[in-house]
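Data first, discussion second: the structure below is written as structure tokens.
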Amino acid sequence: MSRTMNAPIPELTDRMRQIFGLVVEAYIERGAPVGSKMLTGSVSLSPASIRGVMQDLEELGLLSHPHTSAGRMPTETGLRLFVDGLLSVSAIDSLSDSPLGARIVFMAAGVLVIGFGSAFYIGAGMGAGPRDSLMLVVADRTHTRIGVARAAIEVAVTVFGFALGGTVGIGTLAFAFGIGPAVELSFWTLERTPFAEPAPSLPQVASG
């Protein structure tokens with residue numbers, strides 16, 4: 001995704017991020033330019049300091065100043081930045097620059113966390129999400145293990161997405177083949193916790 005900005009996101013200070021978010025939220029709520037005095041109750045800055053930050057954001061192409069006496073409003077670039085959530089991805093960008101070993105650990109940990117999260121919310125017995133419901137149905141109808149059923153679903157989705165023009169990377173394949181075993185391991189672990197209820201025993205039928 002291209003970032004059509006005059007300066008890269010890391011150059012935005014925490015204060016600039018805060019003011020920019022407040023301006024966009026107020027503009028979406030009111031549908032009109034936002035003045036500095038409107039933000040004084042939301043941030044511990046004087047109107048003059050807020051105007052200075054707004055000016056900096058305007059120079060970056062994130063805000064515009066339609067009239068001399070009016071406040072600021074987000075530009076198309078600013079709205080796109082806000083909607084896409086690009087103001088909060090600096091931490092993710094720094095992770096992508098980490099050593100390969102660390103990124104592999106992060107990726108594996110993420111798959112395990114998703115797997116355990118799936119087992120816990122499905123185990124709560126309040127219904128499963130669409131893909132997890134499909135996983136349970138496939139495992140039940142084909143008499144296959146949960147891990148195999150989930151892996152088959154993820155591989156099929158990966159192939160379909162690639163056919164439509166999506167990208168496939170190492171993380172995509174790691175998730176497709178790893179989430180099934182992770183979910184199965186999570187169910188296996190959950191069944192051995194005090195939270196799991198034992199299956200009801202069937203009544204014995206007397207012979208004779």
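The values are calculated or read from the model by the stated rules, or taken from the named source; none is laboratory data. It should be emphasised that the depicted structure is a prediction, and the values quoted were computed from it without experimental measurement. All Cβ positions, glycine included, derive from the backbone under ideal geometry; neighbour counts span all protein chains shown.
Out of the residues in the stretch 33-60 that are of a type in the set (S, T, N, Q) and assigned to a helix (DSSP H, G or I), state the one that is farthest from VAL23 (Cα to Cα). Looking at the filtered set, the residue picked out is SER49. Cβ-Cβ contacts under 6 Å between residues 6 or more apart (or on different chains), taken from a first residue in the stretch 1-29 that is modelled with pLDDT of 85 or more to a second residue that is surrounded by 11 or more Cβ atoms within 10 Å (Cβ to Cβ) and among the aromatic types (Phe, Trp, Tyr), are listed as VAL24/PHE82. For the stretch 185-195, state whether one or more residues are at pLDDT 85 or above, within 23 Å of the chain's Cα centre (by Cα) and assigned to a helix (DSSP H, G or I). Yes, there is a match, as at least one residue in the stretch 185-195 is at pLDDT 85 or above, within 23 Å of the chain's Cα centre (by Cα) and assigned to a helix (DSSP H, G or I).
Given the options ALA139, ALA156, ALA149, name the one that is small (Gly, Ala, Ser), modelled with pLDDT of 90 or more and over 21 Å from TRP188 (Cα atoms). Let's see the steps before the verdict.
Working: ALA139 fails: over 21 Å from TRP188 (Cα atoms); ALA149 fails: over 21 Å from TRP188 (Cα atoms).
Answer to the selection: ALA156.
For THR77, the requirement of being at pLDDT below 90 and surrounded by 12 or more Cβ atoms within 10 Å (Cβ to Cβ) is met.
In the stretch 112-159, how many are in a loop (DSSP other than H, G, I, E, B) and touching a residue at least 24 places away in the same chain (Cβ under 8 Å)? Working first, answer last.
Within the stretch 112-159, the subset in a loop (DSSP other than H, G, I, E, B) is 124-129, 143-145.
Retained after the next criterion (residues that are touching a residue at least 24 places away in the same chain (Cβ under 8 Å)): 145.
Qualifying residue count, the stretch 112-159: 1.
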